[in-house]
Each structure stands twice: as structure tokens, then as C-alpha cells.
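The values are calculated or read from the model by the stated rules, or taken from the named source; none is laboratory data. What you are looking at is a predicted structure, and each value in this text was computed from that prediction instead of being measured. Because the Cβ atoms are built from the backbone with ideal geometry, glycine has one as well, and the counts that use them run over all protein chains shown.
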Amino acid sequence: MDKWLFGSVLVQVLLTLAVMVLMGRRRFASARNKEISLKAFRTMDLAGANEGVITASRNFDNQFQLPVLYLAAVALTLPAGLAELPLVLLGWCFVVSRVAHCLVHTGSNNVRLRFSLYLLGAVFLLLYWVRLSALVLLA
């Protein structure tokens, strides 16, 4: 089970790196097209940036919110030898919800769908922590 759980972490890390690349490409394109001045990057004042630049930047920031709580949970799970099927499934459900959230956020940016996916991921994360807590506290 450890490898399957680690696989979900690897996908989350790759997602974060992919968003970083997307963000960089969109920022460079915007600067190249003179939509944003290079000066704006000194303070990251992207007020004049297009929606694609803003959403990629916000999504990158978002990868360091809920996912950090997931990574912490897995960092506690693996060394304790607590990886089990329910945690693996919850972990993968969380990561899949994060991928879907990212695709919507950096794509169509449908706010209702994006929020639903965010909430779904938060529920999977909560359930992961509840299960992990039960395994630790009731052992």
C-alpha cells in the first residue's frame, strides 16, 4: 500500500510543477506581448494581467494550501506503517479532485464547478485525517 499512497503524492507534486510551468509560460507570453511590464514582476503586481496569468498564478498558490495538509498526513502515515486501502483510496480521490480543480481553474474557470471540486477535495482530505486519527488514537 505504501507505493500506491506514495504514487498519489508523486502525482500531486507533478501537478504543482506542471502548474508552475503553465504559470511561467503565461507570464512570459504576457510580458513578451507587452500586456505586463517587467517592472510588475518586481512586486508581483499583476493587476493589469489577463485572466490566464491570474488564474495560473492563483492556482499555483492554491497548490500550497490543502495539498500541504495532505502531504503532512502522508508524511505521518508512511513512517508509521499505517498505509491501508481506505487511506490510499481517500488519498487518490483527493489528488484526482485537485487535478480536476486545476483543470477547471486554469481552463474554463467555471466558478461553481471549481468550488464544488475544491469542496469535494476538502471532504476527502477531512476523511483521510479522520481515518488516520482513528488509526493512531485507537491503536
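Looking across the stretch 32-69, the residues that are among the basic types (Lys, Arg) and farther than 11 Å from VAL19 by Cβ come down to ARG32, LYS34, LYS39, ARG42. Checked across the stretch 81-90, the condition of being buried (at least 17 other Cβ atoms within 10 Å of the Cβ), under 30 Å from SER30 (Cα atoms) and either out of contact with any helix residue (DSSP H, G or I) (no Cβ under 9 Å at 6 or more places or on another chain) or not small (Gly, Ala, Ser) (or both) holds for no residue. Scanning the stretch 1-52 for residues that are basic (Lys, Arg), loosely packed, with under 14 Cβ neighbours inside 10 Å and either assigned to a helix (DSSP H, G or I) or modelled with pLDDT of 90 or more (or both) turns up LYS3, ARG25, ARG32, ARG42.
Quick grid of which residues meet (1) over 20 Å from the mean Cα position of the chain (by Cα); (2) in contact (Cβ under 8 Å) with a residue 60 or more places away in the chain; (3) more than 17 Å from PHE94 (Cβ to Cβ):
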| position | (1), (2), (3) |
| --- | --- |
| GLY24 | no, no, yes |
| ARG32 | yes, no, yes |
| LYS39 | yes, no, yes |
| ARG42 | yes, no, yes |
| LEU46 | yes, no, yes |
| GLY52 | no, no, yes |
| ASP61 | no, no, yes |
| GLN65 | no, no, no |
| ALA73 | no, no, no |
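Confirm whether ALA83 is under 25 Å from ARG131 (Cβ atoms), outside any helix (DSSP H, G or I) and in contact with a Phe, Trp or Tyr (Cβ under 8 Å, 6 or more places away or on another chain).
Values: under 25 Å from ARG131 (Cβ atoms): yes; outside any helix (DSSP H, G or I): yes; in contact with a Phe, Trp or Tyr (Cβ under 8 Å, 6 or more places away or on another chain): yes.
When the stated conditions are applied, ALA83 passes them.
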